Amino acid sequence: MPRAPGTLFLLLALLLLTASPASASVEEIGPDRATRIADRDPNVIELRQANPDLTSTAGMVDGNWEVGYFADEVELALVIVDPLTGAVRESWTGYQVAWKMARGYPSSFGHKLNAPYVFLPLCALFLIGLLDWRRPWRVASLDLIVLLGFGVSHWFFNRAEIGVSVPLQYPVLLYLLFRMIWIGVRGRGEGLRPVWPATWLLIAALFLVGLRVGLNVADSGTIDVGYASVVGADRIAHGNQLYDNFPSDVSEGDTYGPISYLAYVPFESIWPWEGSWDDLPAAHSAAVFFDLGTLVLLILLGLRTRSGKSGRKLAATLAFGWAAYPYTALSLESNSNDTLVAMLLVATLLVIARPAARGFMAALTTLTKFAPVLLVPMLATYRPAGGAVGGPAPEEALVTGGGGGSPAATGPALAKFAVAFAATAVLLMAWPAIDPGLATVWERTIGYQSGRNSPFSLWGQVGGLEPLRVLILAAVGAAAVAFAFWPKQKTLPQVAGLGAALLIGLQLTAQHWFYLYIVWFFPLLLVSLAMVNEGERTLSTDTLRAGEGRESGEEAFRLPNQPAPGP
């Protein structure tokens, strides 16, 4: 018994000795030793040969030593050293030094969606579900393959090879641009004709929705875009200045229109922002809502534009196309605000025949991420062209076929659109115009975006291309004006196709492009491809209400010069 205290003391000493190496190791690997370790990295040795005056600084970031190497105040290399073992965890040069998103971190975008056992089956389902297996060599089959072609670029991006991934995104965008212009100008062509019954497509879409939402809940993260929207919603909810008033960890998050923040207010009110970049349940719930909202609106669009069996098939095709496409899932798994643009654009198509509602939605969409402003001239002059079976349909008709209608909006319709658009824009911008002022808003939003330098575009990777970029940008602007008057008569697939073309054209000129932007144009592209078919016409809503075109299936649609079936 008397020896018990001595035994306890000996055990305590052994425990301290066991713990001491780790403690000594942490103390041993300070900034000086971390720098000496980083100096031996091959990337640093090679840089020092070209830059003898290379300087370095070391700092603790996220539990690791980050040693940066500079020449003329430009950071050329970054070495990350483990503070416990002294091992070099990462070594970066070039674009990856300043851009973490270029380093191929698996948890940055998409999380489990990037896993081959998730991404590849999703691609296969998208192709199998929408392909016309009876006629596989149709151009629509190529459309589906090209849409999945972003995956090639994405694969290199995930390997941190953005010198390869960035050039590979442009052939896909260019193909889709010319395909949408072709459909938009001609008004007909080969579109999607899935062979599966509408019920099967809808069941598959619902299954995929459950899978996507489950992935969002179980394994997803919120990128800076979603975080910024939550912060902006907090600023609005508390009556604080919105622009030029963001925290340092997302200091440039105030680069969007006010709708990008207002839309998050209901979600931030339920799950308030805690003042840090945590799990952000408000961003998760908003992303899920925008995704499901887009899906529901696509279903409504399909049901309202065609009757009976054909309407159900169109609705199921649109729902499946949205739910199965991997890049709509990428936006959801990243909890970004980009799907808000998609949802508002589909909502605009739903009210396209009502000038005031169309103007209201056009303003909302424009003041989300600004790019949809290119669609405003075409939306302003749009008027339903005429019923599919007879003469011109009333203005309340949702969509029309071709022929028989006015080539442009009447004066009253154009006035309604303009007043609704202007009133909505003024109302939304009134507060930012007062505090902090329009000059600051411009500088923080469009000014920042237009002057942004990014390696995620050819314009940022290759010098001397600015004249070409400006030329393409001018052509896109001219096309936005031209599409307001030509073609003179537009069906809904044409409007959707030309709208998608304008957004793709603008993205071709973007200084910073990313896969999340695909959802801006994808719903319009999907609507155009799903609704346009040789020998098919879209019925107007009022025509359907009047009881015309009661045939189901393909027989309900016919060409403008095709006579109606006999009694």
Inset, instruction - Starting from the exponent 0.38 and prefactor 2.2 Å, build the expected Rg for segment 204-315 from its residue count and divide its actual Cα Rg by it. - result: 1.30
Legend entry - Neighbourhood net charge (13 Å Cβ-Cβ; Lys/Arg +1, Asp/Glu -1) for ASP224: -3
Legend entry - For segment 22-93, size of Cβ-based charge dipole, Lys and Arg +1, Asp and Glu -1, in debye: 220 debye
Inset, instruction - May I ask which residue of LEU465, VAL250, TRP200 lies farthest towards the positive end of the charge dipole of segment 111-556, with charges of +1 (Lys, Arg) and -1 (Asp, Glu) on Cβ and the Cα centre as origin? - result: TRP200
Legend entry - Which of ALA323, TRP520, VAL351, positive extreme of dipole for segment 111-556 (C-beta unit charges): VAL351
Inset, instruction - Compute the FRET efficiency between ALA87 and ARG452 as 1/(1 + (r/R0)^6), taking r as their Cβ-Cβ distance and R0 = 41 Å, and round to the nearest 0.05. - result: 0.70
Legend entry - Extension gain (nm, one decimal) between LEU300 and GLU46, 0.36 nm per residue minus Cα-Cα: 85.4 nm
Inset, instruction - Could you list HIS238, HIS512 in order of exposure, starting from the residue whose Cβ has the fewest other Cβ atoms within 10 Å? - result: HIS238, HIS512
Legend entry - Listed pairs LYS369/LYS416; LYS313/LYS490; LYS100/LYS313; LYS369/LYS488 exceeding 32 Å between Cα atoms: LYS100/LYS313
Legend entry - Neighbour-count ranking [beta-carbon atoms within 10 angstrom, fewest first] of ASP254, ASP82: ASP82, ASP254
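Just rank PHE119, PHE207, fewest to most, by other beta-carbon atoms within 10 angstrom.
In order of increasing Cβ crowding within 10 Å: PHE207, PHE119.
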Inset, instruction - Set Lys and Arg Cβ to +1 and Asp and Glu Cβ to -1, take the dipole of segment 111-556 about its Cα centre, and tell me which of THR381, GLY163, ALA363 lies farthest positive. - result: THR381
Legend entry - Cβ-placed point charges (K, R +1; D, E -1), dipole of segment 123-257 about Cα centre in debye, nearest 20: 1040 debye
Legend entry - Rg followed by Dmax, in Å, when segment 146-233 is reduced to its Cα trace: 18.3, 46
Inset, instruction - Determine, for each peptide in 311-320, 239-248, the mean count of other beta carbons within 10 angstrom over its residues, then list the peptides with the highest first. - result: 311-320, 239-248
Inset, instruction - Please express the Cα-Cα pair-distance distribution P(r) of segment 22-93 as a list of whole percents, one per 10 Å bin, running from 0 to the bin with the greatest distance. - result: 22, 54, 21, 3
Inset, instruction - Please turn the phi angles of segment 244-261 into ³J(HN,Hα) values with the Karplus equation 6.51 cos²θ - 1.76 cosθ + 1.60 (θ = phi - 60°), one per residue in order, whole Hz, x for glycine and proline. - result: 6, 8, 9, x, 5, 6, 8, 5, 9, x, 8, 9, 10, x, x, 5, 4, 9
Legend entry - Förster radius 45 Å - calculated FRET efficiency between MET429 and TRP99 (Cβ-Cβ, nearest 0.05): 0.90
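Place a +1 charge on the Cβ of each Lys and Arg in segment 111-556 and a -1 charge on the Cβ of each Asp and Glu, then give the dipole magnitude about the Cα centre in debye, rounded to the nearest 20.
Computed about the Cα centre, the dipole is about 1680 debye.
We did not get these values from a lab; they are worked out from the coordinates using the rules stated. Source: prediction; values computed, not measured. We place every Cβ from the backbone using ideal geometry, glycine too, and count neighbours over all the protein chains shown.
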